[in-house]
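Comments concern the structure below.
The numbers here are math on the coordinates, done by the rules we state, and not lab data. Quantities reported herein were computed from a predicted structural model and do not represent experimental measurements. Here Cβ is always computed from backbone atoms with ideal geometry, including for glycine, and neighbour counts include all displayed protein chains.
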Amino acid sequence: MEYGLIGEKLGHSFSKEIHEKLADYKYDLTPLSKEEFSPFMQARDFKAINVTIPYKQDVIPYLDEMDTNAQSIGAVNTIVNKNGKLIGHNTDFSGFLYMVEHHNVSVSGKKVLVIGNGGASKAIIAVLKHLQAKEIIIIDIVPAPGVITKEEAIKNHLDVEIIVNTSPVGMFPNVDHTPLDLAAFTNCKAVLDVIYNPLQTKLTKQASELGMQAINGLEMLVAQAKYAVEFFLDTTIEDQVIDPIYHQIMEAMNQ
């Protein structure tokens, strides 16, 4: 593999279509089990790859360098093999920032609830801090410092104004699942879900029904891919390419 994506389950991915619209190379989807992951990274047999769930933090020990953005986030979704040296980047930050700004979601001074505490969450929390969110509440099923349970959020933080789902709950094929019942969050104005398959998750569907702004993750996926290609090929691509590809993929999914 020269260019491609690694992760544990990739059947839902549209990264191949997106990358091959953005650049003139073959982009391979390479699912890796936990046992296959380490030998793959040790072999370094690729030019550049993207990384998705659950390996965005696991790849870090195999890297020779990380850019300052990836270092500050503590997660990597893009790796370039530069003359045998593996250099880590994070384009989830730029992808999520593009999505927030493109939909005019005002984060400054707002209280935000983030669902999930994995690699994607770390980039999104960095964006929320960059946009000067007033307070960021993180919920997850796995206990960790600074993380609370869903029950605690419902008890103490119903006043959040923005909710972001960074967890895989609700992703294809488990489309009947949702990470949170939004009914009690009457102060919430916008729900952003990084899931893009399905285009409308149970979470974003409920958000729309409750009159909240509901945004899926497809735009973030296309945007972060554009920024990844820039690292892959050491080039610059105008942001204007994002929207047409986003609409092409969305139309194909709706057929």
Query raised in the report: Can you name the residue in region 176-225 that is among the charged types (D, E, K, R) and in contact with a helix residue (DSSP H, G or I) (Cβ under 7 Å, 6 or more places away or on another chain) and is also surrounded by the fewest Cβ atoms within 10 Å (Cβ to Cβ) among such residues?
Result: Asp176
Requested in this report: Spot the failing condition for Asp92; the list is (1) of a type in the set (Asp, Glu); (2) over 16 Å from the mean Cα position of the chain (by Cα); (3) within 28 Å of Phe232 (Cβ to Cβ), and only one is missed.
Outcome: (2)
Report task. Test Ile124 against the criterion of being crowded, with 17+ Cβ neighbours inside 10 Å, in contact with a helix residue (DSSP H, G or I) (Cβ under 8 Å, 6 or more places away or on another chain), assigned to a helix (DSSP H, G or I) and hydrophobic (A, V, I, L, M, F, W, C), and give yes or no. Result -> yes
Query raised in the report: Looking at this structure, is Gln42 touching a Phe, Trp or Tyr at 6+ places or on another chain (Cβ under 8 Å) and more than 21 Å from Ala225 (Cβ to Cβ)?
Result: yes
Query raised in the report: Residues in region 60-68: is at least one assigned to a helix (DSSP H, G or I), closer than 27 Å to Ile237 by Cα, hydroxyl-bearing (Ser, Thr, Tyr) and over 18 Å from the mean Cα position of the chain (by Cα)?
Result: yes
Query raised in the report: Among the residues of region 94-106 satisfying the criterion of being in contact with a Lys or Arg (Cβ under 9 Å, 6 or more places away or on another chain) and surrounded by fewer than 24 Cβ atoms within 10 Å (Cβ to Cβ), which is nearest to Leu218 (Cα to Cα)?
Result: Tyr98
